[in-house]
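Structure record follows, encoded as structure tokens.
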Amino acid sequence: MIGAASLAGQDERSCGSRSALEVTVLDETGTAVRGATVGVRWTDVVRRPVRRSTGADGRLVICAPRDARKATVWGEVGTGSSEQAVVEFGPGETREIALRVPARTTSPGRLVGRVFDAQTKDAIRTAAVTVAGRPAAVESDRWGRFILTGVPAGPHELQVRRLGYAPLRHTINVKSGLATEVEIGLVPAPVEMEPLIATTTWSPRLETKGFYDRRYWGEMLGIGEFITQDYLERWRPYRISQLLSNHTGLRLQLLRARRSPWDPRGGCLSIYLDNMNVTNLPIDTIVIPSEVAGVEVYRAPVSLPAGLMRFQSGCDLVLIWTK
């Protein structure tokens, strides 16, 4: 993939025989935006989502996986985001995409969610998801996941349809500049029961740190354990050591003690608070649960996600993120 450098002199040969997306991010005046974030989700293959920044000319080339033929693309500047574009492309084809990020007093938000069968809990793919009165519509992928960007802040009617299921209409409040997570349980058409829906607002700080992307892939691949603010608000633990011990099974004595990374009874533990190593400090003395936005736990010797390789040490790893 090509990073944030200028695209001068680059063409479709940059990706060899692979398909390419040439994305330009513009503001309301039509001026190219340097350093805008471009998000890409491959909707027909199993690949990690892409997040890259535009270069000095407001452009970015992204090489598609060889077997990909469809993608959802959007642009972000600060807390604002563009309407998303659904793009289809052939083998070796270069598609040009222009994304316009509006400069509004109130920044738009995003809807990030999952559609599943309310009875079996299985993911529902190709469900049509849209917001009433908005032109953008998306389909859920093979895991039932979808993203709707550029949704104005305020109440909207969310509409979800899938053949064989009762259609859903639900009023949802989109918050300015934030992503709202939606869990949607559709009911098979012959069954008489109420559809299920739950919403969660994402923390912009955790989103910037990549917490939600790592949770998405971690839960899918069975790598890592994740504690969200919803969990914290529901259980209201008194101490961080109590939270980690109950949720992850880490030994309470090891968490509360002033310690070296190595446990004399075997194994080791590294703890970071907002990227600062606090392994040798009693964790309960430096942070309380009400200050925490999210927690990640990775058990050695599992390989860490790419963005966390700097923490690789052969120890169990705890990452605590504050609000």
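For the stretch 1-46, a residue qualifies if it is over 30 Å from SER140 (Cβ atoms), at pLDDT 80 or above and not small (Gly, Ala, Ser), and the qualifying residues are ASP27, THR31, ARG34.
If a residue counts only when it is in contact (Cβ under 8 Å) with a residue 12 or more places away in the chain and open to solvent by 60 Å² or more (accessible area, probe 1.4 Å), which strands (runs of 3 or more DSSP E) contained entirely in the stretch 117-163 have at least 3 such residues?
It comes to 154-161.
Filtering the stretch 21-43 to residues that are crowded, with 16+ Cβ neighbours inside 10 Å and acidic (Asp, Glu) leaves GLU22, ASP27. Select from the stretch 87-100 the residues that are in contact with an Asp or Glu (Cβ under 9 Å, 6 or more places away or on another chain), open to solvent by less than 60 Å² (accessible area, probe 1.4 Å) and not small (Gly, Ala, Ser) and write down the one among them that is farthest from GLY35 (Cα to Cα). Taking the candidates together, the pick is THR94. Mind listing just one residue for me: the one in the stretch 285-323 that is under 23 Å from SER203 (Cα atoms) and over 24 Å from the mean Cα position of the chain (by Cα) and, of those, most open to solvent (accessible area, probe 1.4 Å)? Within the stretch 285-323, the match that is most open to solvent (accessible area, probe 1.4 Å) is ILE288.
Just one residue in the set ILE223, ILE240 is modelled with pLDDT of 80 or more and surrounded by fewer than 18 Cβ atoms within 10 Å (Cβ to Cβ); that residue is ILE223.
Answer yes or no as to whether LEU232 is hydrophobic (A, V, I, L, M, F, W, C), over 15 Å from the mean Cα position of the chain (by Cα) and more than 23 Å from THR43 (Cβ to Cβ). Yes: the conditions hold for LEU232. Give me the residue from the stretch 186-203 that is within 19 Å of VAL131 (Cβ to Cβ) and in contact with a Phe, Trp or Tyr (Cβ under 7 Å, 6 or more places away or on another chain) and, out of that set, surrounded by the fewest Cβ atoms within 10 Å (Cβ to Cβ). Across the stretch 186-203, the extreme among qualifying residues is TRP202. Summed over the stretch 274-284, the residues that are closer than 15 Å to THR322 by Cα and open to solvent by 20 Å² or more (accessible area, probe 1.4 Å) give a count of 5.
Okay, residues lined up against (1) more than 26 Å from PRO305 (Cβ to Cβ); (2) acidic (Asp, Glu); (3) open to solvent by less than 70 Å² (accessible area, probe 1.4 Å):
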residue: VAL45; (1), (2), (3): no, no, yes
residue: GLY58; (1), (2), (3): yes, no, yes
residue: ALA64; (1), (2), (3): no, no, yes
residue: ALA71; (1), (2), (3): no, no, yes
residue: GLY75; (1), (2), (3): no, no, yes
residue: GLY78; (1), (2), (3): no, no, no
residue: SER82; (1), (2), (3): yes, no, yes
residue: ALA85; (1), (2), (3): yes, no, yes
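Residues in the stretch 69-111 that are among the small types (Gly, Ala, Ser) and under 20 Å from the mean Cα position of the chain (by Cα): ALA71, GLY75, GLY78, GLY80, SER81, SER82, ALA85, SER107, GLY109.
The values are calculated or read from the model by the stated rules, or taken from the named source; none is laboratory data. What you see is a predicted model; the values in this text were computed from it and never measured. Neighbour counts are summed over all protein chains in view; Cβ atoms, including those assigned to glycine, are modelled from backbone coordinates with ideal geometry. Please note that ligands, DNA and RNA were not included when accessible areas were found on the heavy atoms of the full protein model with its side chains. Shrake-Rupley method; radii C 1.70, N 1.55, O 1.52, S 1.80 Å.
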